[in-house]
Amino acid sequence: MDDGVISADEAGRNFDRLLAQVEAGQSLTITRDGRPVAVVTPVADETANDRDILRQKMMEMMRKGIPIDYQGPLDREALHRR
């Protein structure tokens, strides 16, 4: 299992060890009859949650739109300050 490849039988027998390796950041490929059938990878860190929050804020700004009488610059910095 140290090379990142594990048989399905071994994965079943050593599931706790498999999870410990994945929690430590290692991705593992599970094989059946020597063929890869699955890849177990660690869950993404908090960056994904931050991305979701920023996406929600962006969607809210897009729904509001830019006021018709808006006369300020439309550069990236100005839009982020809005």
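Readers should treat all values here as calculations from the given coordinates under stated rules, not as data from a laboratory. Since we're looking at a predicted model, the values are computed, not measured.
Only alpha carbons enter this Debye calculation for segment 1-65, each as an equal point scatterer, and the log10 of I(q)/I(0) it gives at q = 0.18 Å⁻¹ is -0.67. Mean sequence separation of contacting Cα pairs (under 8 Å, at least six apart), scaled by the length of segment 1-65, corresponds to a relative contact order of 26 percent.
Rounded to the nearest 5, the antiparallel percentage of DSSP beta bridges internal to segment 1-65 is 60%.
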